[in-house]
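Accompanying notes for the structure given below.
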Amino acid sequence: MAGNSTLDEKAARRVFVETFGCQMNKADSENMLGLLGEIGYEQTLDSKQADLLILNTCAIREGAEDKVFSYLGAWGKQKRKRPELMIAVGGCVAQEKGGSILTRMPYIDIVFGTHNLNRLPDLVLKARNEKKSVVEIVQELPEDLPELPVIRQSDFSAWVSVIYGCDYNCTYCIVPYVRGREKSRTAEAIEKEIEELTAAGYLEVTLLGQNVTAYGHDLDPKIHLGDLIRRLEKYKDLKRIRFLTGHPRDLQDGIIDAVYEVESACEYFHIPIQAGSDRTLRRMARGYQVDFYKRLIEKIRNKMPEAAITSDLIVGFPGETEQEFMDTVNLVEEIQFDSCNTAAYSPRPHTHSASWADQLPEHEKYERLRFLNSVVGDVSHKINKRYVGRREEVLVEGESQRDATRLTGRTRTNKVVNFEGDKSLKGKLVDVEIQSANPWALRGSLCAAAVPVNI
């Protein structure tokens, strides 16, 4: 095992990890840091000080993939100045491209995929000792999921992966190819991790999966995400439970009921619909119609009228007509989403729709995207203005990126709130009175002389 390296190998080295993409990638990067810590690597936030650079990549859209090779090109210039510098590529692009990355960039030392993260220390030691490139891509996760060490990037809010992969085969999506089929962690393993987090003072966890709402269907006995949320209710020091990202077909009543009934479960649902046209949804192979989605939202709002609901939307899918695009726009106005992640359709390798003949011109896709974004922004602003005058519990995340004199945090419904306050409040729950709103964030002032919420 990698941990049996010599004392010389354990001499302190520095690793810099750059992460692109989703929250699952962020969680994976924390595991990379934990694994490499076992062979003597310490994290640095300065790439120029690193002995090892790791790029954890995203392949969801062509633009994200192009960004990967741009970064690697810049790192290659660093390596020419410092030949001893090692460069590793992991994540979804590495899983998809494999050893072909070396054809384009032969100076890369290590290529590893999404299914063999546990092997990273061994691959690093092999490349370091043998002074040659190492490529290892496997097609499936291990039968028994290993529990990996982790170095978290926050000391009050944690990512916790509960299920890996996706069993759907949406015609536009590369995720099943690069992440594999669904595989759940046991509830016992997750509970142990949560217990350790609460003992360390963590207040919030986000349960992660490519399709988190499918959690537990492959376990024996079967359970669902709502069961898991209820099992976590006993950790009274854990004040917030969130989950990302799911599929509408798997968001069963038991999950909605658990969010409603478990005090620590946040009233926030991210439910990607992708399009507002039944024909487009059918061609995407989403497995539901718009009416099914509307009824799902109705169920949530009947129980939790103030719940925040966000979504993902794709415009310019092959063959999408102007009317079908307007169906998506009209759905945003009808559902009144709190916010939406929007994107122009991007053909991806290993997907069915990439080869279809009825691709839309780029300029048309981006015209539609701009229009949709304006509507999404208007709806978000309308909803956010409802918060003005309210007193909201906010978990303080730190300084605002735009104004260092302000703090920023999130409500239970995942609204960003900016306000003035002392930096010592980072990681605390505080009450904030909301005074103004824009489409992206709320602004307010601390209540009760900046006294943290009693936890």
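What follows draws every value from the coordinates through simple rules; no lab data is involved. Everything numeric here is computed off the predicted structure, so don't read it as measured data. We place every Cβ from the backbone using ideal geometry, glycine too, and count neighbours over all the protein chains shown.
General observations
- Between the beta carbons of TRP440 and GLU306, assuming R0 = 25 Å, the FRET efficiency works out to 0.80 to the nearest 0.05.
- Distance violations [Cα-Cα > 30 Å] among LYS131/LYS192; LYS234/LYS382; LYS79/LYS126; LYS192/LYS426; LYS81/LYS126: LYS131/LYS192; LYS234/LYS382
- In terms of overall dimensions, the range 89-160 has a Cα radius of gyration and Dmax of 13.9, 42 angstrom.
- For ARG406, distant residues with modelled amide H under 5 Å away: SER400
- Label point distance in nm, THR321-ASP167, each placed 7 Å from Cα along Cα→Cβ: 3.5
- A simple spin-label model places the labels of GLU188 and ASP403 5.2 nm from each other, with each point 7 Å out along Cα-to-Cβ.
- Only aspartates and glutamates eight or more places from LYS97 in sequence, or on another chain, were considered; those with a Cα closer than 14 Å are GLU62, GLU65, ASP66, GLU136.
- On the beta carbon distance between PHE371 and ASN129, with R0 = 45 Å, the FRET formula returns roughly 0.20.
- The convex hull around the C-alpha trace of the range 391-450, projected and averaged over every direction, spans 3.6 square nanometres.
- Lone cysteines, the chain (no partner Cβ under 4.7 Å): CYS22, CYS58, CYS92, CYS166, CYS266, CYS340, CYS447
- Volume per residue of the C-alpha convex hull in the range 181-306, rounded to whole Å³: 105
- The trypsin sites (Lys or Arg not before Pro) found in the range 113-144 that occupy coil by DSSP, while having at most 13 further C-beta atoms within 10 Å, are LYS131, LYS132.
- Pairwise centroid distance, computed over Cα atoms, of the range 398-418 with the range 276-296, Å: 35
- Ranked CYS340, CYS170, CYS92, criterion: other C-beta atoms within 10 Å, fewest first: CYS170, CYS340, CYS92
- For the chain, the equivalent ellipsoid derived from the Cα gyration tensor has semi-axes of 35, 29, 23 Å, listed largest first.
- Ordering of 60-67, 183-190 by packing [mean C-beta count within 10 Å, highest first]: 183-190, 60-67
- Translational diffusion coefficient (Stokes-Einstein; Kirkwood radius from C-alpha pairs) of the range 1-141 at 4 °C, 1.567 mPa s, in µm²/s: 87
- Length gained when the stretch GLU263-ASP220 is fully extended (0.36 nm per residue, less Cα-Cα span): 12.7 nm
- In this simple spin-label model, placing a label point 7 Å from the Cα along the Cα-to-Cβ direction at both GLU18 and ALA354 gives a separation of 2.3 nm.
- Estimated from helical segments only, the mean residue ellipticity of the chain at 222 nm is -10500 deg cm²/dmol, where each DSSP H run of four or more residues counts as -39500 (n - 2.57).
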